[in-house]
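What follows is a single structure, written as structure tokens, with notes after it.
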């Protein structure tokens, strides 16, 4: 993986536009990061999101920000987005892998797009 280069990621997002793709989206402020925040009642709260192999078709994708970055995928009936992204790669199977690491280098968010189920 390497640091996100915004223009290259935008080109990658454009390649998947208007096609059936499979998405993996994961965000975690618990098990991986051990980062939690304290609620107003003083208790620790962990949160996370996980979706895998969801078939979507988006009309356009957009990367925004100056780092960490946000990627949004506009679908017919809504959006998929991930923020806090820092690194990316095309893997040897043609999948676009975008991840975000916290300041300690722990995985905080992942967004993967593929033409085949992951």
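Remarks
- Residues within the stretch 81-92 that are over 19 Å from residue 17 (Cβ atoms) and either surrounded by fewer than 12 Cβ atoms within 10 Å (Cβ to Cβ) or in contact with a helix residue (DSSP H, G or I) (Cβ under 9 Å, 6 or more places away or on another chain) (or both), tallied: 2
- Restricting the stretch 72-95 to residues that are part of a strand (DSSP E or B) and within 13 Å of residue 5 (Cα to Cα), the residue that is farthest from the chain's Cα centre (by Cα): 90
- Members of the stretch 93-107 that are more than 17 Å from residue 16 (Cβ to Cβ), without any contact (Cβ under 8 Å) to a residue 60 or more places away in the chain and surrounded by 14 or more Cβ atoms within 10 Å (Cβ to Cβ): 100, 101
We did not get these values from a lab; they are worked out from the coordinates using the rules stated. These numbers come from a predicted model, not from an experiment. Ideal geometry is used to build each Cβ from the backbone, glycine not excepted, and the neighbour counts take in all protein chains shown.
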